[in-house]
Structure formats: C-alpha cells, structure tokens
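Just so you know, all these numbers are worked out from the coordinates, no wet-lab data involved. Predicted model, so just to flag it, every value in this text is computed and none were measured. In this analysis, Cβ positions are derived from the backbone assuming ideal geometry, glycine residues included, and neighbour counts consider all displayed protein chains.
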C-alpha cells in the first residue's frame, strides 16, 4: 500500500535541519515551562516560530515529498526554506521588527514554491486522501503566510490593519493549516483505502477542515461571529469522520508498543482535546478572544503542535529511519510515552493554572522529545546494513 512507502533518503538533509531547529524550541520550552528562565517576548516568539516553521513546516515539506512519492524537494526550495526559517527565528530572537517582514517574505516565497511544486506533483497521479489533504493544507499555509507578512508589516508600523490580525494569523496557522497537514500525515501512516483512492467520507473530511480554517481566520479578522460557529461545526464533523474512518486502525495500532502507526493513532486522538479547547474558547470568548486565559490558549497550541503534529512527524521519522531500527530500540517506547504523558501533564497544569503540575510535565515531555530526536538522528546517520545482513523488523 502507498501508506507503507519509504521516505526518500534525499529528504534526509531537510529532516536534519528541522530536527536541529527543534532542539532550540525544546530547550527554550523546558527552561520556560519549569520557570528556570523567563524569556523575553522575542525569545518566546523565536520559540514558537522555530517550532511551527522550523520543526513542523520543514517536516511537512518533507512529508509532501513522501506522500507524493517524490525522491526529494527541489534543492533550491529546500535551501531557501531552511535559510528563511533561520533568518526569521533570528529576527524574532533579536526582537527586531523592521526586518521581520523581509524574513517573512523569504518564507512566503518558499511556501508558495512548495504549494506550486505539490500541485505539479499531482499532475498525472491519482488523488488520495493524504494527497488531497496536504494540497489543501498548502493552500491554507499560503493564506496563513500572507497574514503573517501583513502582521509583520503592521507590527513594524508600515501599514494600518485591524488589531484582529494578531488573532487571524495564528488561527489560520494552527487550525486551518496544521490540523489538516497533521491529518494528512496520519492518513499516510495508517494506510487503508484512503491511500489508494478517494473515499467520499475522507473527501468530505478534508474539505471540512479546509473551509473551517478559512472561516475561523475570516471570522476573527472581520469579527463575524457566525463564521466562528461555522468553524466549530466543520471541525466537529471533520474530527468525527476521521476518527470513525480509522477507528479500527487506532484500536489496532499496537498499544502500548511504540510504532509509526501508534504515533498516528495518538495524533488523531489528540484532535479530541484540541477540538474541546477550541470549542470552549469560541463559545466562551468569541466576542473577545484576546481576553481568554493565557493557559487555555497555550494548551490549545501545545496539543496541536505536540499532540497532533509532533506525533505525526515522529511517525514519519520512524518510517524514514526504519532501516536501522536496531539502534536504541528501547528509546522508542520512552519517547512515545514520555512525550505524550508529559504533554497531558503539562496541559493539565496550563488549564488548571497550576505551576507545580506544569513544572512536572515540561521536563518529561521535553526530555522525551530530545531523546527521540537523538535516536532518529543516530539511525539516519548510521551506514546501511551490509548485503545479506538481516534487517530489523519495523515496528507497527
């Protein structure tokens, strides 16, 4: 099945770049979450963008090549994307508003290039649910990128926009883009009919997530309350469909043994608390989302970034490094359970506004992620097995 396709070795440099940048995100997160360091606003924004662009988006670029069966992205696109992310993160860290739009424009060029490349890859290939989902996610990524550039110009004082642009940009990136991209990777990891054809329920699910993200961004930007309700309805139905379609795969993902399919199953299950938090925020704070408790917003961010996306990406990384699964096999279970139980503890601390609980969950989650990154890096760098040498059985 297409869901079992190998991740091309030619995307390995891109995976190493995303993992390297993610180390910065995780280290800042551990220090901040344990209250050992109170970073500046610029450092926090660097933390967020190193995660969403450096770790997640670069990995999604690699996932696009995997889902479409391409050997690799164009080298120019890969290099531009990595350079733009590094420059962007540096500008946030330095808290230098005037150059953020320049960095954002470079990233925007890479995003548009990626979307165009994906649609060209689509030509002559059958459309599947993962492919449809990643294509739609790339469109929402472009919209979110445009909003990000406009937000950068607004913050630099170059243009005048409604202050709601501050909420519309992250809403599109978190809900419209990341949720759809994460589900695309999960679909590919779990396999099934959706990786070979276009089941009607899967098509409806993908378009619901796509439209819901746009509705949320426009509803926040223009303060149109019914669009927020439309977003919530689309998300509820979309999540219900994807969980119903993959209920057997989720139940049979090999619990508690860590595998790529178990990461995909956990990723899909984390859509439930993500939807619950999003629904509560919309219902309770629709008229003034900026007044919502910071802990709830951070919990929504982290259940999306870590619960949905990082689980999905680690599933893909297990596929990419499956040739040398014999290296540190014990680390897979520690990574999976440490990351996910640490995340649940961390979220509990944020929602309950309990600093002690947050301080417990943060280092567990962060250390597990760092272990996972080190394990995958070691496996990817290891030489191929000699001819005739038995390959380790791939988990999942």
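Quick notes
- Cα-based radius of gyration of region 57-168 once divided by 2.2 N^0.38 Å, which approximates compact folds: 1.17
- Contour excess over end-to-end distance, with Cα ends at residue 328 and residue 284 and 0.36 nm allotted per residue: 11.2 nm
- A viscosity of 0.890 mPa s and a temperature of 25 °C, combined with the Kirkwood radius over Cα pairs in Stokes-Einstein, give a translational diffusion coefficient for region 174-220 of 217 µm²/s.
- Considering every alpha-carbon pair of region 126-320, the percent of pairs per 5 Å bin, from zero through the bin containing the longest distance, is 1, 8, 16, 20, 20, 15, 10, 6, 3, 1, 0.
- Averaging the sequence gap over all C-alpha pairs within less than 8 Å and six or more residues apart, then dividing by the number of residues, gives region 126-320 a relative contact order of 24 percent.
- P(r) weight above 42 Å for the chain, C-alpha pairs, percent: 6
- Our analysis of region 9-125 gives Rg over Rh at 1.04, with the two radii drawn from alpha carbon positions and Rh computed by the Kirkwood formula.
- Region 285-355: C-alpha gyration tensor shape, a/c 1.5 cut-off, then a/b vs b/c: oblate
- Listed peptides 193-202, 310-319, 331-340 appear in the order 310-319, 331-340, 193-202 once ranked by packing, highest mean of other Cβ atoms within 10 Å at the front.
- The smallest convex shape that holds all Cα atoms of region 93-150, its convex hull, gives 73 Å³ per residue.
- Region 96-221: C-alpha gyration tensor shape, a/c 1.5 cut-off, then a/b vs b/c: prolate
- The length gained by stretching the chain between residue 120 and residue 10 to full extension, at 0.36 nm per residue less their Cα-Cα distance, is 37.7 nm.
- Using the average count of surrounding beta-carbon atoms within 10 Å as a protection proxy, the listed peptides 279-285, 125-131, 172-178, 363-369 rank, highest first, as 172-178, 363-369, 125-131, 279-285.
- Between the helical axis of 129-155 and the longest alpha-carbon principal axis of the chain there is an angle of about 40 degrees.
- Seen through its C-alpha gyration tensor, with square-root eigenvalues sorted a ≥ b ≥ c, region 41-92 comes out oblate because a/c lies at 1.5 or above while a/b is not bigger than b/c.
- 0 to 90° range, to nearest 10: angle between helix 200-222 axis and the chain longest Cα axis: 30
- Residue-span extension gain [residue 352 to residue 163] - 0.36 nm each, minus C-alpha spacing: 65.2 nm
- For the pair residue 237 and residue 203, label points projected 7 Å from Cα toward Cβ lie 1.5 nm apart.
- Between helix 179-190 and the chain: long-axis angle, C-alpha atoms, 0 to 90°, nearest 10: 10
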